[in-house]
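The values are calculated or read from the model by the stated rules, or taken from the named source; none is laboratory data. This is a predicted model, so every value here is computed, not measured. Cβ coordinates were reconstructed from backbone atoms using ideal geometry, including for glycine residues, and neighbour counts include every protein chain displayed. Remember, those area values only see protein heavy atoms, side chains included, never the ligands or the DNA or RNA. Shrake-Rupley method; radii C 1.70, N 1.55, O 1.52, S 1.80 Å.
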Amino acid sequence: MLSLNNVEVIYEDVILVLKGMSLEVPDGQIVALLGANGAGKSTTLKAISGLLKPENGEVTDGDIQFQGEPIHTLPAEDVVRRGIFQVMEGRRVFEHLNVEENLIAGAYTRTDRQNVKRDLEMVYTYFPRLKERMKQSAGYLSGGEQQMLAIGRALMAKPKLVMLDEPSLGLAPLLVVEIFDIIKRINQEQGTTILLVEQNALLALDIANYAYIMENGRIVLDGEPDTLRENADVREFYLGLTEVGKRKSYRDVKHYKRRKRWLS
Amino acid sequence: MDQFLQLTLSGLTNGAVLALAALGFVLIYKASDVINFAQGEFLLVGAYVMFAVVGELGWHWTVGIVVTVLVAVALGMLLERFVLRPMIGEPIISLIMVTIGLSSLLKAVVSGIWGTDERAFPSFIPSDPINVFGATVTTDKLWAIAIAAVFLVAFNLFFRRSSSGIAMRAVADDQQAALSMGISVKKVFAMAWSISAATAAIGGIIIANILGVSGNISGVGLQVFPVVILGGLDSIPGAVLGGVIIGLLQAYTGGYVGHGLNSIIPFIVLVLILMVKPYGLFGQEIIERV
Ligand SMILES: Nc1ncnc2c1ncn2[C@@H]1O[C@H](COP(=O)(O)OP(=O)(O)OP(=O)(O)O)[C@@H](O)[C@H]1O
Ligand SMILES: [Mg+2]
């Protein structure tokens, strides 16, 4: 459905951030994109959704195809119209608009206006808490409720592909589980394809069909969640699991080397 | 009592015009952070286009209002497209200079076409004296207030209910997030300028109907600043309330005190407000959750 081939992104004409990024998102699946801070995950999503321009960024090489057509030269509004919706990092709800108005803003590109009311109800069944706070300014919602609103806003656009940028950011563990559950349900019930960017690798691998790990502007490892979970580096760096009985000191060096190997 | 009612009514009439002009100003500021010093000239253009259509061509006043609004909408769009949009990303001071330049340009164009003499406005609104609570007032003022109220209510509904209105407020809140839902920020800017020009033009028609058509109308635009500072630069209800308060204050000081106090009272209010409540009565608070 979506494929990136050797994409290169440069900010401000000089800062090279994506250095030959390639990935595939098949129709109907949940694909996770994992990586440390600054790896270029958000940049990847913005390159897809056409949101680089306001930040002075540009796709300078490679191409991005959606349903067989190149989209990396399209403005953001056309990308949304083709069915890709990015839920930005940090939730970015419209603080001075109430919950319902935020959702209506999400439906902006819809041409079937008469169905918008019905879809509001659909969003409220996924997130009953939003219904209770329908008329409240979004700025006063809790962090978790804002994340629900940000996802609800995406649903209102009826997209084929939703890209979620760190939906677990700053939320309590229980709430994260709840939100991931709903993401999974949306994928199954609405048939929405999902590209999930996460720092919380453990949970992301739980719901994903396939995962990519990126470092320093490119993919360094990819595979089925089960395979990745078995990989010692992934266990160490992304899942925070260390093998029983071994102490840190010597291993640190070893892992540092292994990490170097990825980066080079 | 009689005098009080009459003053209140003319205060409200003026206030309604100020509110319409201020509404447009706030709209542009909210959507695009541009401080539009040419807002007063939108009033002027509105008044003269109405004068041309009804007074010179002799068409019916309803046609006059429609044509005036259309011309204003087109003017707003053209200005946004060819003057403001190329300026995106320039420092705020350049934007201010551009709108000041626009203000002189519009004034010059209007006096170039119609000259500088004061003209009688084709009074299309009946101005019969009637009796309201024991005071004698002319119906044109009541009409003016009613027309302004209709437009203000219509705009309020537009912002709360319509998808375009909500999109405009979304852009005011977070441009990039608005972009991410496919809202065209360019379209929203163009809309802000055209609605702004249109509301001001309606205000211009109302004021011309009372004062006659002349270059002085753009002077009313100057009072937009005290109004929006009072109401809060980014608040639509603030623009309306600010307009009414300033309008009333002017009428009362003019009637009871005199000595020209009515023409400086808006600026006294301006200074006082800047000292005690710099964001105005309704200036948007920055929402901070704890
Ligand atoms: N607008 C910008 N201008 C210049 N450099 C930028 C810009 N945005 C991001 N970068 C740089 O690009 C790199 C990748 O940033 P990006 O936000 O894509 O990382 P990320 O993987 O999403 O990180 P995080 O997990 O912290 O969100 C960083 O080094 C960052 O400093
Ligand atoms: Mg990021």
TODO: Determine whether region A:121-141 contains at least one residue that is within 12 Å of chain B (Cβ to nearest Cβ), more than 16 Å from A:ALA32 (Cα to Cα) and among the hydroxyl-bearing types (Ser, Thr, Tyr).
DONE: yes
Task: When residues of region A:188-207 are limited to those that are more than 16 Å from ligand 1 (Cβ to nearest atom) and crowded, with 20+ Cβ neighbours inside 10 Å, the one farthest from the other protein chains (Cβ to nearest Cβ) - done: A:LEU205
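Kindly indicate whether any position in region A:13-24 is more than 22 Å from A:LYS158 (Cβ to Cβ), open to solvent by less than 10 Å² (accessible area, probe 1.4 Å) and not in a strand (DSSP E or B).
No, region A:13-24 has no match at all.
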- [ ] Could you tell me which of the residues A:VAL116, A:VAL176 is crowded, with 19+ Cβ neighbours inside 10 Å and either of a type outside the set (Phe, Trp, Tyr) or in contact with a helix residue (DSSP H, G or I) (Cβ under 8 Å, 6 or more places away or on another chain) (or both)?
- [x] A:VAL176
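Can you tell me which residue among B:ALA74, B:ALA135 is of a type in the set (A, V, I, L, M) and farther than 23 Å from B:GLY221 by Cα?
Going through B:ALA74, B:ALA135 in turn, the sole match is B:ALA135.
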Task: Among the candidates A:LEU169, A:LEU203, A:LEU196, residue that is under 16 Å from the mean Cα position of the chain (by Cα), under 24 Å from A:ILE213 (Cβ atoms) and part of a helix (DSSP H, G or I) - done: A:LEU203
Task: From B:PRO237, B:PRO226, residue being more than 30 Å from A:ILE48 (Cβ to Cβ) and within 14 Å of chain A (Cβ to nearest Cβ) - done: B:PRO237
Open item on the list: On the basis of being within 10 Å of chain A (Cβ to nearest Cβ) and β-branched (Val, Ile, Thr), does B:VAL153 make the cut?
Closed with: no
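Any idea which residue in region A:89-98 is most open to solvent (accessible area, probe 1.4 Å), counting only those that are under 22 Å from the mean Cα position of the chain (by Cα) and more than 8 Å from chain B (Cβ to nearest Cβ)?
Only one residue fits best here, namely A:GLU89.
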Task: Enumeration of residues in region A:20-64 that are among the hydrophobic types (A, V, I, L, M, F, W, C), within 14 Å of another protein chain (Cβ to nearest Cβ) and either within 21 Å of A:LEU202 (Cα to Cα) or near ligand 1 (Cβ under 10 Å from one of its atoms) (or both) - done: A:LEU45, A:ALA47, A:LEU52
- [ ] Find the residue count for region A:70-88, including only residues that are facing another protein chain (nearest Cβ under 10 Å), in a loop (DSSP other than H, G, I, E, B) and either of a type in the set (Ser, Thr, Tyr) or more than 19 Å from the chain's Cα centre (by Cα) (or both).
- [x] 1
Open item on the list: Kindly evaluate B:PRO129 against the criterion of being open to solvent by 90 Å² or more (accessible area, probe 1.4 Å), farther than 24 Å from B:ALA52 by Cβ and not acidic (Asp, Glu).
Closed with: yes
Open item on the list: A:ASN102 - would you say it is in contact (Cβ under 8 Å) with a residue 24 or more places away in the chain, more than 14 Å from ligand 1 (Cβ to nearest atom) and crowded, with 22+ Cβ neighbours inside 10 Å?
Closed with: yes
Open item on the list: If I filter region A:71-88 for residues that are touching a residue at least 60 places away in the same chain (Cβ under 8 Å), within 13 Å of ligand 1 (Cβ to nearest atom) and open to solvent by less than 60 Å² (accessible area, probe 1.4 Å), do I get at least one hit?
Closed with: yes
Task: Subset of region B:160-171 [crowded, with 22+ Cβ neighbours inside 10 Å and more than 7 Å from chain A (Cβ to nearest Cβ)] - done: B:MET168, B:VAL171
TODO: For region A:25-50, enumerate the residues that are in a helix (DSSP H, G or I) and of a type in the set (D, E, K, R).
DONE: A:LYS41, A:LYS46
TODO: Look at A:GLN67 and say whether it is open to solvent by 20 Å² or more (accessible area, probe 1.4 Å), more than 10 Å from every other protein chain (Cβ to nearest Cβ), more than 11 Å from ligand 1 (Cβ to nearest atom) and closer than 25 Å to A:LEU149 by Cα.
DONE: no
Task: Only listed residue being within 16 Å of ligand 1 (Cβ to nearest atom), on the phi < 0 side of the Ramachandran plot, away from chain B (no Cβ under 14 Å) and open to solvent by 40 Å² or more (accessible area, probe 1.4 Å), chosen from A:ARG229, A:ARG218 - done: A:ARG218
Open item on the list: Suppose we filter region A:24-53 for residues that are at negative phi and away from ligand 2 (no atom under 16 Å from the Cβ); how many remain?
Closed with: 8
TODO: Only residues in region A:159-182 that are at positive phi count as the first member; pair them with residues that are within 16 Å of ligand 2 (Cβ to nearest atom) and open to solvent by 10 Å² or more (accessible area, probe 1.4 Å), Cβ under 7 angstrom, at least 6 apart or cross-chain, and list the lot.
DONE: A:GLU166/A:GLU89; A:GLU166/A:GLN199
TODO: Give region A:142-153 a look and list any residue that's within 10 Å of chain B (Cβ to nearest Cβ), assigned to a helix (DSSP H, G or I) and surrounded by fewer than 22 Cβ atoms within 10 Å (Cβ to Cβ), or say none.
DONE: A:GLY143
Open item on the list: With the structure loaded, tell me whether B:ALA172 is modelled with pLDDT under 90, closer than 25 Å to A:ALA76 by Cα and among the aliphatic types (A, V, I, L, M) or whether it fails that test.
Closed with: yes
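State the number of residues belonging to region B:1-15 that are open to solvent by less than 10 Å² (accessible area, probe 1.4 Å) and over 16 Å from B:ILE229 (Cα atoms).
Adding up the residues that qualify gives 2.
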Open item on the list: Is it the case, given these coordinates, that A:ALA107 is open to solvent by less than 10 Å² (accessible area, probe 1.4 Å) and either at the interface with chain B (Cβ under 8 Å from one of its Cβ atoms) or of a type in the set (Lys, Arg) (or both)?
Closed with: yes
